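*Asks:* Below are the C-alpha cells for one structure; questions will follow.
Quick note: the coordinates plus some simple rules give every number you see, no bench work behind them. This one's a predicted model, so the numbers in the text were calculated from it and none came from an experiment. Here the Cβ positions follow ideal geometry from the backbone for every residue, glycine too, while neighbour counts run over all protein chains shown.
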Amino acid sequence: MKPKRALLIVDMQNDFCPGGALGVKQGDKIIPKINKYIKTFSQNKLPIFASRDWHPKETRHFKKFGGVWPVHCVQKTKGAAFHPKLKLPKDSILLYKGMDPGQDSYSVFQAEDAFANGFMQLLKKLGIQEIYIAGLATDYCVKYTAMDAINKGFKIKILVDAIKGVNLKPNDSKEALDFLTKVGAKKLILKQLEDELCS
Ligand SMILES: [Zn+2]
C-alpha cells in the first residue's frame, strides 16, 4: 500500500523574500515551482499544509531581545503575509508558529492551526505517513522540521528545486541537505513527482 502523502510549504512569507525584513536571496524564485507542486497535490486530492512564522512584537527570537534575527513576521503585518504570488488552494491547512516569546520555534512541529491543533495531531488525524517539504529556509525551518519529522517516524522528501537557504555561512544549506539525507530524507525534483505519486 502506498503511504499517504502531504505537501508542506514552509514560511513562504513576504519578510523571507527579497525586499522583506529577512529576505532570503532569490527566495521568491521558487514560488512558480511551489505552485506546480501545489497543483499536483491538489489534483491528487492530497492535503496541503502551509506554515507561517507568526511572532509577537517582543520575542527573544529577535536581536533586540537577545536573539539573532532582525524583527520579522510580526503577527498581522504585511511582512507576515504569504507572498502574493503563492497560489494556495482554499482548503490548505494554515499553520502558525513562533508565537511563544521564549522560543525560536524553527520546526513546523511547534506550529498549530487556527484551532490550536498541533501539526503532529493534524498529521495523525489525516493518516499522513510521508511529508514533501518545500519553502524557506533550507538551513533553518526546513531543516528543523525535516529532522523532527524523521525523529517522529515520518518519511521525508525534500523538494530540492523548491527550497532556498539563508546561508549565514556559505555552506549552511548544503550541509543541512547532506545531514538530512544521511539521516534518511530523500531528495526529489518536480519531474520525479508524478512517478512518485503513481507508484
Ligand atoms: Zn522567525
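*Asks:* For Lys4, project a label point 7 Å along Cα to C-beta. Then give me every residue of segment 122-161 with its amide nitrogen under 19 Å of that point.
*Replies:* Flagged as within label range: 122-133, 149-150, 152-157.
*Asks:* Which of Val74, Val160 comes first, and how do the rest follow, when ranked by fewest Cβ neighbours within 10 Å?
*Replies:* Least crowded to most crowded, the residues run Val160, Val74.
*Asks:* Strictly over 29 Å apart at the Cα level, which of Lys2/Lys169; Lys124/Lys169; Lys33/Lys57; Lys25/Lys63; Lys97/Lys124 would you flag in this model?
*Replies:* In this structure, Lys2/Lys169; Lys124/Lys169; Lys33/Lys57 exceed 29 Å between Cα atoms.
*Asks:* Say a paramagnetic label sat at a point 7 Å from the Cα of Lys78, along Cα to Cβ; which residues of segment 10-26 have their backbone N under 19 Å from it?
*Replies:* The answer is 12-24.
*Asks:* Enumerate the amide H contacts of Lys4 below 5 Å, restricted to partners 5 or more residues apart or on another chain; note that Pro and chain-start residues carry no placed amide H.
*Replies:* Amide H neighbours of Lys4: Gln129, Glu130.
*Asks:* For Val68, Val24, Val108, Val10, which order do you get if you count the other beta carbons within 10 Å of each Cβ and list the fewest first? Mind dumping the intermediate values first?
*Replies:* Numbers: Val68 9, Val24 26, Val108 30, Val10 33.
Fewest-to-most ranking of Val68, Val24, Val108, Val10: Val68, Val24, Val108, Val10.
*Asks:* By count of other Cβ within 10 Å, fewest leading, how are Arg5, Arg52 ordered?
*Replies:* Taking fewest neighbouring Cβ atoms as first place, the list is Arg5, Arg52.
*Asks:* Run the quick spin-label model on Phe115 and Lys25: label points 7 Å from Cα toward the beta carbon, then report their separation in nm to one decimal.
*Replies:* 4.4 nm
*Asks:* Over the Cα atoms of segment 5-198, how large are the radius of gyration and the largest Cα-Cα distance (Dmax), in Å?
*Replies:* Over segment 5-198's Cα set, Rg and Dmax evaluate to 15.4, 49 Å.
*Asks:* By DSSP, what percent of the beta bridges with both residues in the chain are antiparallel, rounded to the nearest 5? All intermediate terms of the calculation are to be shown ahead of the outcome.
*Replies:* Working: 3 of 29 bridges.
Of those bridges, close to 10 percent are antiparallel.
*Asks:* Below 12 angstrom from the Cβ of Lys125, what's the summed charge of the other residues (Lys, Arg +1; Asp, Glu -1)? Mind dumping the intermediate values first?
*Replies:* On the way: positive: Lys4, Lys124; negative: Asp113.
It works out to a net charge of +1.
*Asks:* Output the pairs from Lys45/Lys187; Lys45/Lys76; Lys90/Lys186; Lys87/Lys155 with a Cα-Cα distance over 27 Å in this structure; if there are none, say none.
*Replies:* Result: Lys45/Lys76; Lys90/Lys186 exceed 27 Å.
*Asks:* With label points built 7 Å along Cα→Cβ from the Cα atoms of Leu168 and Met99, find their separation and express it in nm.
*Replies:* Rounded to a tenth, the inter-label distance reads 2.6 nm.
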